[in-house]
Amino acid sequence: MDRREYLLTTGSIAIGLLSGCLGADSTQAGPGGQSDATQWYGEYTGTAQVTTLNISYSGEQVNTYSQYGSYQTSVVATIAEPGTTEVNKENNPVHLAVGPDPNSVQGAAGEFHLISAGRISTEDHPELSVLQPWNLQLQENALTGVINHELPSGHNFFYEKSPGVDTTVTEVDLPPVTWEYMAGTTLTAQLNQGSLQMEVTPPAEGAAIGLDDQKALAIHIACELSRQ
């Protein structure tokens, strides 16, 4: 499957959602178009179309993606004040957390967790501090960002079965396992008074990915959520 086919098969829903938000109602904005972030605080619920992707590499760059799994899952997103500890503060305009609906079956293939920053402690530094893998920007009603590194303990991950394992002969259904997002994964979201449309996209084909950061699977997510 080439890149064009991938976008047509996995991104059509997200393209429709995001394009439908263009020309949405104007929002309060501060200097430089920076949105008043507090107006977006709250909980959003709905469904996500999730596509997991096999990755083919050529040296230290992504060669091609091919679809591995496709799922629809119920999710809950929360937008809130950036996280803080006594040590430091999340350097994002908002704190974003997205995960499976707690009323759904947990740990199913296609479910995902995304958190803009988390609180961690280590043996050397037992005091809680903020670690921020996502760098987010808020411009009027557009929230964008990129993941630069991972959070320990699996704060950012999705569920999928092991790629490359053929169970058609044995008919063994392998339980889903966790996979971390690739560095360079991007987020694009449109915020409206009653909704949140969000797309999460892996790095483009041809993007440079160091050998230490390469993974077997990537993920594409398209969400349409309603404000509660």
So what's the net charge close to residue 73: Lys and Arg +1, Asp and Glu -1, counting the other residues with Cβ under 14 Å from its Cβ? -4
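Please list 134, 179 in order of solvent-accessible area, largest first, computed with a 1.4 Å probe with all protein chains present.
Numbers: 134 0, 179 50 Å².
Accessible-area ranking of 134, 179, largest first: 179, 134.
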Where the accessible area of segment 93-228 is counted over protein heavy atoms with a 1.4 Å probe, how much of it, in %, is carbon and sulfur? 50
Using a 1.4 angstrom probe on the protein heavy atoms only, could you order 120, 147 from most to least accessible area? 120, 147
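Residue 122 to residue 61: extension gain in nm, 0.36 nm per residue of separation minus the Cα-Cα distance?
Here the segment from residue 122 to residue 61 would lengthen by 18.7 nm.
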Net charge over other residues, Cβ less than 12 angstrom from the Cβ of residue 101 (K, R count +1; D, E count -1): -2
Per principal axis, descending, Cα span of segment 68-165 in whole Å: 43, 40, 27
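Name the GluC sites (Glu not before Pro) in segment 122-180 that are in a loop by DSSP and that have at most 15 other C-beta atoms within 10 Å, would you? Before the final figure, lay out each step's value.
Numbers: sites: 123, 127, 140, 150, 160, 171, 180; in loops: 123, 127, 140, 150, 171.
Taking segment 122-180 and a limit of 15 other Cβ atoms within 10 Å, the loop GluC sites (Glu not before Pro) found are 123, 127, 171.
Can I get the semi-axes of segment 108-228's equivalent ellipsoid? Compute them from the C-alpha gyration tensor as square roots of 5 times the eigenvalues, in angstrom, largest first.
For segment 108-228, the semi-axes come out at 27, 21, 16 Å.
How would 122, 185 rank on accessible area, largest to smallest, probe 1.4 Å?
Details: 122 70, 185 5 Å².
Ranking 122, 185 by accessible area, largest first, yields 122, 185.
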With every protein chain present, what is the per residue accessible area of segment 80-228 (1.4 Å probe, Å²)? 49
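The values are calculated or read from the model by the stated rules, or taken from the named source; none is laboratory data. Please read all numbers here as calculations on a predicted model, not as lab measurements. Neighbour counts are summed over all protein chains in view; Cβ atoms, including those assigned to glycine, are modelled from backbone coordinates with ideal geometry. The area values use the complete protein model at the heavy-atom level, side chains included, leaving out ligands, DNA and RNA. Shrake-Rupley method; radii C 1.70, N 1.55, O 1.52, S 1.80 Å.
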